[in-house]
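K.L.:
Handing you a structure now.
Nothing in this text is a laboratory measurement; each read-out follows from the coordinates by a stated rule. Worth saying up front: this structure is predicted, and the values here are computed from it rather than measured. Note that we place each Cβ from the backbone using ideal geometry, even for glycine, and neighbour counts take in every protein chain shown.
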Amino acid sequence: MKTGCVILAGGAGTRMKSERPKVLAEVLCKPMLGWVLDACGKFGFDKTVVVTGFKTELTEAYINSRNEGILTALQKEQKGTGDAVKCAAELIADMDAVCVLNGDAPFIDCETLKSSLAYHTENGAEVTVITAEIVQPQGYGRIIRKNGEFSAIREQKDCSPEEAEISEVNSGAYWFSGKKLLETLPKLSTNNAAGEYYLTDCVELMDKRVAYKSDNSDIVLGANTRKALFELNTIARNAVIEKHMDNGVSFISTDGIIIGTDVEIGCDTTVMPNTVILGSTKIGKGCNIGANCHIENCVIGDNVTFDNVHAYDSVVEENVKIGPFAHLRPGTTIRTGVKIGNFVEIKNSDIGMNTCAAHLTYVGDSDVGRGVNFGCGSITANYDGINKYRTKIGDHAFIGSNTNLIAPVEIGANATTAAGSTVTKNVPENALFVERGATRVKENWEKNFKRKKK
Ligand code: UD1
Ligand code: CA
């Protein structure tokens, strides 16, 4: 059986008061559309089509950045969810079962998609609506049952007072028989309170309709406003932190802690307050992360300490201590046993085992060996204003305090640079490099200086 998915993402989301499409509004720093696409990716549809409309170029740019072969269909005018699916009809015409999802309901998950498809198939249904019971059903389409049998979806605006009491609502996620969906879409009308083509009207136009009630009521939650978006963030944030607690991660307090959904953390690691961990970050066991760290797309080994560290797109091996107040920029690898202290920035560099940069150092575009010592204030000058160059430092080299390494330059193994030197040519192994002006001490200079001033 071929399965296709249509994700509705064309609406402007007026109530969000944004210049961007609503589906790009973020929950835990990932667009809501990204959550839906992740669930689709896990399910493994044969084809996924996103219907775009308002600011289509922004939605398309996000979809293309994911590079997953997802198709898009343009809905020029936002005439309702039924019209949106129509815009994708041609692309899904060869699918046996078509799943329709709302791009603004991020908590739909792969398990629900699988079990609802099984229910859809067992019942030989033409449409299966995924529903849930919620405490505050206002704004959602209500599930109308007659003698227990599912009969229709009634939008909020079209509900009678009795229907408005119903707490079972439409999640906006459905399975359709592909063939029946294509037959039914042209029959939709705008004869309703909103004057839109409602996808929900397909239900009454199909004979074999069933409702699949999910135990996880979060799947229906959508965000039409910033307040609702904040609530989704709160739910997701707590759920992610609880998952890590279940996996053996400690939190003394969860204040200010935000962890993205895709982050992995090993047992016996403690995350301290005001720490934000995002993207595809993986952290090992027995680490101490925080307080006040920001980590994105990093791989961190076991027994690592991060104190007030910002780290992006970097790899840190085990038994490393970084901070306080250090910055790892993209393309950095920090090897086992390294110590990085306060006010150190490392960019696009490989720092060898047991090397130490304890204070006030900038290392950019460099390949640094093992056991190297960077004195306080030593830096690489990797940029001449036009091009960037690499610096190479051999094992056990000693970079004196306040050394300027003007790249491209190589320091041999066991070489030493004298404090305050500006190194513009390669230093051989075991050598001492000194570059200083002659030292002058003028006796009684203060007295003479003051007399001249008068
Ligand atoms: C819709 C359902 C409602 C359900 C709710 C669940 C209809 C008529 N109603 O209502 O029963 O309880 O979702 O969240 O379907 N969109 C387009 N093009 C359009 C209109 C909307 O692509 O012309 C997209 C939006 O970007 C959004 C999704 O479709 O991602 C849902 O639209 P929205 O206006 O938010 O529908 P709801 O009023 O929430
Ligand atoms: Ca909505």
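K.L.:
Using modelled amide H (1.01 Å from N, peptide plane; none on Pro or chain starts), what sits under 5 Å from the amide H of A73, excluding residues fewer than 5 places away?
P.N.:
Correct list: V50, V51, T52.
K.L.:
Note the full-extension length gain between K114 and M245 as 0.36 nm times their separation in residues minus their Cα-Cα distance, in nm to one decimal.
P.N.:
44.4 nm
K.L.:
According to the square roots a ≥ b ≥ c of the eigenvalues of the Cα gyration tensor, what is the shape class of region 9-88, taking rounded for a/c under 1.5, prolate for a/b larger than b/c otherwise, and oblate for the remainder?
P.N.:
Oblate is the answer for region 9-88, as a/c is 1.5 or above yet b/c matches or exceeds a/b.
K.L.:
Karplus couplings for region 56-71 from phi (6.51 cos²θ - 1.76 cosθ + 1.60, θ = phi - 60°), rounded to Hz, Gly and Pro as x?
P.N.:
3, 5, 6, 5, 5, 4, 5, 4, 5, 5, 7, 6, 10, x, 7, 8
K.L.:
For each pair in K47/K187; K22/K76; K2/K30, compute the distance between the two Cα atoms and list the pairs where it is over 22 Å.
P.N.:
The answer is K47/K187; K2/K30.
K.L.:
Checking the cross-link filter: which lysines have an alpha carbon closer than 25 Å to that of K321, excluding same-chain neighbours under 8 positions apart?
P.N.:
K282, K285, K339, K347, K392
K.L.:
I'd like the distance separating the alpha-carbon centroids of region 106-139 and region 304-348, in whole Å.
P.N.:
With region 106-139 and region 304-348 each reduced to a Cα centre, they are spaced 45 Å.
K.L.:
Further question: Could you grab the relative contact order for region 312-454? Cα pairs under 8 Å, six or more apart, rounded to a whole percent.
P.N.:
Averaging sequence separation for qualifying contacts and normalising by length gives 13 percent for region 312-454.
K.L.:
Tell me the label-point distance for the pair M206, E446, using the 7 Å Cα-to-Cβ offset, in nm and rounded to one decimal.
P.N.:
For the pair M206/E446, the computed spacing is 9.2 nm.
K.L.:
If you line up the long axis of helix 226-246 against the longest principal axis of the chain, both from Cα atoms, how many degrees apart are they, to the nearest 10?
P.N.:
With both axes taken from Cα atoms, the answer is about 70 degrees.
K.L.:
Which value, in debye to the nearest 20, describes the size of the charge dipole of region 299-454 about its Cα centre when Lys and Arg Cβ atoms bear +1, Asp and Glu Cβ atoms bear -1, and nothing else is charged?
P.N.:
Roughly 1440 debye for region 299-454.
K.L.:
How much net charge surrounds N67 when only the other residues with a Cβ under 15 Å from the Cβ of N67 are counted, with Lys and Arg +1 and Asp and Glu -1?
P.N.:
Net of charged neighbours comes to -2.
K.L.:
Same structure, new question: Put +1 on the Cβ of every Lys and Arg and -1 on every Asp and Glu Cβ in region 307-434; which of I346, S401, H327 then has its Cα farthest towards the positive end of the dipole?
P.N.:
S401
K.L.:
What order, most packed first, do the peptides 210-216, 187-193 have when packing is the mean number of other Cβ atoms within 10 Å of each residue?
P.N.:
Sorting 210-216, 187-193 by mean packing, highest first, produces 210-216, 187-193.
K.L.:
Next question, about the same structure. About the Cα centre of the chain, what is the dipole size in debye to 20, counting +1 per Lys and Arg Cβ and -1 per Asp and Glu Cβ, all else neutral?
P.N.:
It works out to roughly 2640 debye.
K.L.:
Along the Cα→Cβ direction, 7 angstrom out, place labels at A194 and I406. What is the inter-label distance in nm?
P.N.:
My value for the distance between the label points is 6.7 nm.
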